[in-house]
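Below you'll find the structure, written out as structure tokens, and then a few comments.
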Amino acid sequence: MSTVASMPAKSSFHSATRVNHSLTASLERRALAWMAIRAPRWVTSDRLTLLGFAAQIGCGACYALARLDRRFLLAAVACLALNWLGDSLDGTLARVRRIERPRYGFYVDHMADVFGSVALMLGLGCSGLLYPAVAVAMLLAFLVLAAESYLATYTLSRFQLSLGLFGPTEIRIVLAIGTLELLRNPWATVFGHRFLLFDIGGVVAATIMFAMAVTVTLRHTAQLYREEPLP
């Protein structure tokens with residue numbers, strides 16, 4: 001009896017406000033709603049989440065296999081597209097069908113993102129297309145930024161899907177374009193020096209993510225300090 005009494009009431013949970021001001025947000029919302037309305041009944045949110053997770057792991061595997069055959073890069077781009085479909089459509093489908101499970105969905109979806117990102121960066125690190133240290137730096141930057149986002153969702157009831165004009169979809173698009181460029185030439189010349197293209201992109205991406213994490217952390221810390229002043 002005491003166990004039941006200690007459980008939080010389901011009605012006490014309030015979903016955080018979702019904020020997405022990315023370049024493709026408006027078009028993406030309309031496209032996902034269109035697909036969700038027309039999706040057959042056998043397509044479920046759980047299956048879409050599993051598709052997105054499997055596709056992200058598959059993408060990492062394709063990058064690793066590209067060390068042996070560059071044509072696996074095409075498969076990696078296909079996996080990125082499937083990851084977008086599964087990861088983006090699962091929540092929209094649940095909302096359209098009015099079968100949301102906000103706590104379950106948020107937890108499972110984002111833990112799948114974390115494990116999937118680890119697999120993706122491991123694959124990139126094994127690909128020979130960038131130095132493993134750069135892949136590790138990108139993974140650490142992503143995990144720090146993700147941790148800040150999840151903590152802000154809990155403390156501020158605000159889930160920031162995008163930072164500036166960039167969100168998950170824009171990141172996938174840039175990664176896909178860069179991957180296709182690797183098929184042509186994996187090298188780039190900057191100020192007369194030759195570097196791996198993904199080394200340049202990876203260093204830039206890691207630097208931006210770390211900078212964003214620090215900036216947003218300072219802003220949210222100041223906001224929480226104002227909202228919870230010392231007595």
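Read the figures in this text as sums done on the coordinates, not as results from a lab. All values reported here derive from a predicted model rather than from experimental measurement. In this analysis, Cβ positions are derived from the backbone assuming ideal geometry, glycine residues included, and neighbour counts consider all displayed protein chains.
Structure values in brief
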item: Hits in segment 143-164 - residues which are of a type in the set (Ser, Thr, Tyr) and under 13 Å from ALA213 (Cβ atoms); result: SER149, TYR150
item: Cross-chain or 6+ apart pairs with Cβ under 9 Å, segment 104-122 first and closer than 15 Å to PRO168 by Cβ, then charged (D, E, K, R); result: ASP109/ASP87; ASP109/ASP90; ALA112/ASP87; ASP113/ASP87; GLY116/ASP87
item: Residue among THR215, THR189 that alone is of a type in the set (Val, Ile, Thr) and in a strand (DSSP E or B); result: THR189
item: Close pairs from segment 177-203: first in contact (Cβ under 8 Å) with a residue 40 or more places away in the chain and farther than 17 Å from LEU73 by Cβ, partner among the hydrophobic types (A, V, I, L, M, F, W, C) and assigned to a helix (DSSP H, G or I), Cβ under 8 Å, at least 6 apart; result: VAL203/VAL134; VAL203/ALA137
item: Any hit, segment 192-201, residues being touching a Pro at 6+ places or on another chain (Cβ under 8 Å) and not in a helix (DSSP H, G or I); result: yes
item: Segment 171-187, residues that are touching a strand residue (DSSP E or B) at 6+ places or on another chain (Cβ under 8 Å) and hydroxyl-bearing (Ser, Thr, Tyr); result: none
item: Residue check, ALA176 under 18 Å from GLY60 (Cβ atoms) and assigned to a helix (DSSP H, G or I); result: yes
